[in-house]
Amino acid sequence: MAHDFDHDAPTWDDKPERLERSHRVAAAMRPLIPAGHPRTVELGAGTGMLSRCLAEHLGHVVLLDASPGMVEVARRETRAHGWEARVADLTDGEIDGGPYDLVLSQLAMHHIPDVSALLTRVHRCLVPGGRLLVADLDHDAEGHYHAHVDGFDGHHGFHRGEFAIWLEAAGFTAVEFHDVGNIGKEVEGHRQDFPLFLAAATA
């Protein structure tokens, strides 16, 4: 079965490596964020950890996630900011609440079967000149990253060239990629590093 994010939500933020990774991704995103505290939506936001790391640079934020448990934690953790957190199915339908100046995503798109279609909907929810910033896994040919998840039906990371083609087909321009380090996981008793990329594009 798929990963039970509702079950993991109450303790999701307890692992220091997740906070370290979000700070690292946020540091790479920070110079690419539009000026003026942009109106932002984070896709697959989980507990809102990434947006919380970027809070001083963002305006109003809408956090979208498919897991009610994650959304409940996100609401609690971002109440002081006055942000919104909503349950949303990113596999279908328009991204509501727009238009937005900025769309963020961290380690969420590899769970979406049709990423190309999602990117088209993302482009529609952005203002002209708005920015998309996506951090996700580089292609994992052996599928080791999700080997522990029975029935995983997402992507084992992405080829950057293919991701760029999807972005451009959706209408994005000024596509660029940055390296943002690795995620270390135990695989069959050994630590394996999985590289992360940051894709930036303009609507």
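Quick note: the coordinates plus some simple rules give every number you see, no bench work behind them. The model shown is predicted, which means the values in this text are computed figures rather than measured ones. Ideal geometry is used to build each Cβ from the backbone, glycine not excepted, and the neighbour counts take in all protein chains shown.
Only DSSP H runs of four or more residues enter the estimate; each adds -39500 (n - 2.57), and after division by the residues of the chain the mean residue ellipticity at 222 nm equals -7500 deg cm²/dmol. Note on the chain: antiparallel DSSP beta bridges, both residues inside, total approximately 50 percent of the bridges counted.
For segment 3-95, the fraction of alpha-carbon pairs lying more than 16 Å apart is 54 percent, rounded to a whole number. Taken about its Cα centre, segment 55-132 carries a charge dipole of about 140 debye when Lys and Arg each add +1 at the Cβ and Asp and Glu each add -1 at the Cβ. Local charge for VAL187 was computed over the other residues whose Cβ lies under 11 Å away, with Lys and Arg +1 and Asp and Glu -1, and equals -3. Values of log10 I(q)/I(0) for the chain across q = 0.09, 0.14, 0.17 Å⁻¹ run -0.31, -0.79, -1.23, by the Debye formula with one identical scatterer at each alpha carbon and no solvent.
Positive-end ranking of PRO31, VAL187, ALA74 along the dipole of the chain, with charges on Cβ about the Cα centre, is headed by PRO31. Residue-wise HN-Hα couplings along segment 191-203, as the Karplus relation 6.51 cos²θ - 1.76 cosθ + 1.60 with θ = phi - 60° gives them from phi, are 6, 10, 9, 10, x, 10, 10, 10, 9, 10, 8, 10, 7 Hz; Gly and Pro carry x.
Take every Cα pair under 8 Å whose residues are at least 6 apart in sequence, average their separation, divide by the length of the chain, and the relative contact order is 20 percent.
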